[in-house]
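Reading through the structure tokens given below for one structure.
The values are calculated or read from the model by the stated rules, or taken from the named source; none is laboratory data. Note that the coordinates shown come from a computational prediction; the quantities given were computed from them, not determined experimentally. Because the Cβ atoms are built from the backbone with ideal geometry, glycine has one as well, and the counts that use them run over all protein chains shown. To get the accessible areas, we keep the full protein, side chains included, count just its heavy atoms, and leave off ligands, DNA and RNA. Shrake-Rupley method; radii C 1.70, N 1.55, O 1.52, S 1.80 Å.
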Amino acid sequence: LGMHGADLEFRTFPSLGEGEEEAFEAAIAAESDGLILFPSRPRSLRTWMQRASRSRIPIVCVSTDAPHSNRLAVVSVDTMASGSLAADLMGRFLGNRGKVAVTLSALGITEHFEKSTAFEKTLRSLHPKTALLDPIEDHDVESEAYDKCRKLFAAHPDLAGIYVTTEASMPVVHAAKDAHLLDRLTIIATDLFPALIEQIRAGKVTATIHQRPYMQGRLAFRVLQEYLVHGRYPAVPVTLAPHLVMAGNLDFFLEKQASDSSNAEAASDLPSDFTYNNYD
């Protein structure tokens, strides 16, 4: 990495929790100057991350954290705000009644656990008459998400709402459609992509909590660059506020998103209240 650029190497693995440690080990063996990582299995990766830290290889976690791992920094959406917002919306949409479910990849992923916990806490606090079922883990596999949702809908045909904490909302939508529940089920999704946009326009998905993944990636790279070039690291975790997108503000949001993306210089700037510590 130099003052004017960086050589980026992308190391992928088949799915969350599969091949992740091997990809991490390969990045360390290649003597990388720094790593940006989505730690889907923070417990199993903790030892590797601590070894990297001792070898002076900085690691920036993006989207989800790996606590007690000696990582340099974490860049993520505010998970507590996301889960709480989804819960309050759900309770209000349903009039504080009915059954609600939550889907996530795995409770072992810090991000998903925190959002699920915040959702449950807020729902019970503000909308206590709403019944919350046990969370559904789909392990980021679309077929598993679809099958488990079909079983959920069969067991609870009176289900009123479902909060999808990950971007895997389409299997839930398809399962609800095939179970003939889509027109009366309140769905709150996560992030935004073309297929989901269509569902929001059609009124099949009520809302989505946008985690701003593009900005998360840009900031994670910027944090790592600032450390490697200038020896600076953020004094606090870099936490982005989630954006709520519904049919009413969808077009406005898409226009603004396109405008922001075209202004690469502005998008790469760190927030104005962003502070650093010097790394000794």
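Structure values in brief
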item	result
Residue match in the stretch 88-96 (condition: closer than 17 Å to Ala241 by Cβ, open to solvent by 20 Å² or more (accessible area, probe 1.4 Å), of a type outside the set (Asp, Glu) and assigned to a strand (DSSP E or B))	no
Condition met for Glu226 (assigned to a helix (DSSP H, G or I) and in contact with a strand residue (DSSP E or B) (Cβ under 8 Å, 6 or more places away or on another chain))	yes
Residue in the stretch 99-120 that is more than 30 Å from Met246 (Cα to Cα) and either part of a loop (DSSP other than H, G, I, E, B) or of a type in the set (Ser, Thr, Tyr) (or both) present	no
Residue satisfying all of: in the stretch 121-140; in a loop (DSSP other than H, G, I, E, B) and over 21 Å from Val205 (Cβ atoms); most open to solvent (accessible area, probe 1.4 Å) among these	Lys129
Residue in the stretch 31-62 that is surrounded by the fewest Cβ atoms within 10 Å (Cβ to Cβ), counting only those that are among the small types (Gly, Ala, Ser) and more than 25 Å from Leu104 (Cα to Cα)	Ser55
Candidates Thr190, Thr239, filtered to the one that is β-branched (Val, Ile, Thr), within 30 Å of Gly108 (Cα to Cα) and modelled with pLDDT of 95 or more	Thr190
Selection status of Glu25, touching a Phe, Trp or Tyr at 6+ places or on another chain (Cβ under 8 Å) and within 21 Å of Phe113 (Cβ to Cβ)	no
Any hit, the stretch 153-160, residues being surrounded by 15 or more Cβ atoms within 10 Å (Cβ to Cβ), under 13 Å from Arg97 (Cα atoms), touching a strand residue (DSSP E or B) at 6+ places or on another chain (Cβ under 6 Å) and among the hydrophobic types (A, V, I, L, M, F, W, C)	yes
Output for the stretch 235-253, where each listed residue is open to solvent by 30 Å² or more (accessible area, probe 1.4 Å), closer than 17 Å to Leu196 by Cα, free of Cβ contacts under 8 Å to residues at least 60 places away in the same chain and not aromatic (Phe, Trp, Tyr)	His243, Met246, Ala247, Gly248, Asn249, Asp251
